[in-house]
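Visitor: Attaching a single structure in structure tokens format; questions to follow.
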Amino acid sequence: MVGKSRGSHLEPSEELIDGLDLYEAAIVRLINQLTTEHNWSTVRIADHLTALGVSPAYVRDGRQILRGKRKQATAAMASTARGASTA
């Protein structure tokens, strides 16, 4: 985020994603386009990005997510719409 004032904004990185020929900023623009111009759902966009080989930043960075009181790796963990784990 740039600045801490009310007019602050996010600036997507213009760096190539490792293993892909895509920039983070290009992916952000693609998500925006699919949402606004094509009215795609978040699930459809996520499926499309997965098919392109784009993984979330926390997966690429090897970070874990907080689930309850413990941090867990995200590998092989799917969740339902209500958040219950299916792994």
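Bear in mind these aren't lab numbers, they're just calculated from the coordinates by the rules spelled out. This is a predicted model, so every value here is computed, not measured. So basically every Cβ, Gly included, is an ideal-geometry build from the backbone, and we count neighbours across all protein chains shown.
Visitor: Assuming a ≥ b ≥ c are the square roots of the Cα gyration tensor eigenvalues, decide whether region 1-60 counts as rounded (a/c under 1.5), prolate (otherwise, with a/b larger than b/c) or oblate.
Guide: Values: a/c = 2.16, a/b = 1.27, b/c = 1.70.
Oblate, since a/c reaches 1.5 and b/c is not below a/b.
Visitor: Right, something else. Based on other C-beta atoms within 10 Å, arrange Asp47, Asp61 from fewest to most. Spell out each step's value before the answer.
Guide: Numbers: Asp47 12, Asp61 9.
Ascending Cβ contact count within 10 Å gives the list Asp61, Asp47.
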